[in-house]
Ligand SMILES: Nc1ncnc2c1ncn2[C@@H]1O[C@H](COP(=O)(O)OP(=O)(O)O)[C@@H](O)[C@H]1O
Ligand SMILES: [Mg+2]
C-alpha cells in the first residue's frame, strides 16, 4: 500500500500523520516513511529519537535502493504541491490522506486541495480531521466537508499537547511520559489506520 499525506497548507499535521501512520502500519508489515518535503521534518523527527524507529525514514532518491523491500510506503509531502506534483502523487499512490484542522481557513484550503485532486482524476483521496478541539468542531467540519461531497475518514484526530512533546523529543505520541492523553492520542491514529487497512489491503 502506498499512501501520500498531502495538503496545500502547512501546519495541518501532515508530518505528524505520516510518522504515526508509519508507526501503526509497521506493526502490521514492513513499512518505510519517505520524506519528500524539502524541509525534511520527518527525517529531523527521527533524527531526534534516542531509540530507533521501527521503520526507515528516507528520501525519495533513497527509495530507489530499497525498492520492493517494503509492503507499505508512507510519503510525507511538502505544502503547496503544484498540479504536476498532485498528478504524480495520484499516479503513484493507493490513497491520498489530506490532513486538515477544523479551522475555517484550513478547511477551505483542504476543500480546494481535494477539488484539485478530483480535477486531475483522483478517486482515492480522503480528508483526515486533525487537531480537533471539540466534538462540536468535529461535527461542524464534517458537515461542511460533506456538503461539498469531499470524502472524509470516519475517525478523526483530537487536539492534544502531547503531539508537540512527541515532535520535540523525536518520539511517537504513545511514548510521551506523564501525559494521560498520550494513549488517547495514539488510539485516534490507530482507529484511522484500522479504517485504512480494512479498506485498502
Ligand atoms: N492532533 C494534534 N493536536 C495538537 N497539536 C498537533 C496535533 N497534530 C499535530 N500537532 C502540532 O501541530 C504542529 C504542526 O504539525 P506538523 O505535523 O508539523 O504539520 P505539517 O507537516 O502539516 O506542517 C506541530 O507543532 C505539531 O506538534
Ligand atoms: Mg511537515
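Each reported figure results from applying straightforward, stated rules to the coordinates on display, with no laboratory input. Nothing here was measured: the structure is a model prediction, and the numbers come from that model. Because the Cβ atoms are built from the backbone with ideal geometry, glycine has one as well, and the counts that use them run over all protein chains shown.
Here are the numbers:
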quantity: Sequence of 200, 144 once ranked by neighbouring C-beta atoms within 10 Å, starting from the fewest; calculated: 200, 144
quantity: Whole-Å distance, taken between Cα centres, linking region 15-32 and region 37-68; calculated: 12 Å
quantity: Mean projected area in nm² (Cα convex hull; one quarter of hull surface) for region 78-133; calculated: 3.7 nm²
quantity: Equivalent ellipsoid dimensions for region 11-92 as semi-axes, Å, which come from the Cα gyration tensor, largest first; calculated: 20, 16, 12
quantity: Per-residue [θ]222 nm for the chain (sum of -39500 (n - 2.57) over DSSP H runs n ≥ 4, rounded to 500); calculated: -14000 deg cm²/dmol
quantity: The chain: projected area of the alpha-carbon convex hull, averaged over directions, in nm²; calculated: 10.5 nm²
quantity: Approximate shape of region 107-193 as ellipsoid semi-axes (Cα gyration tensor, √5λ), whole Å, largest first; calculated: 28, 14, 11
quantity: Contour excess over end-to-end distance, with Cα ends at residue 168 and residue 181 and 0.36 nm allotted per residue; calculated: 3.0 nm
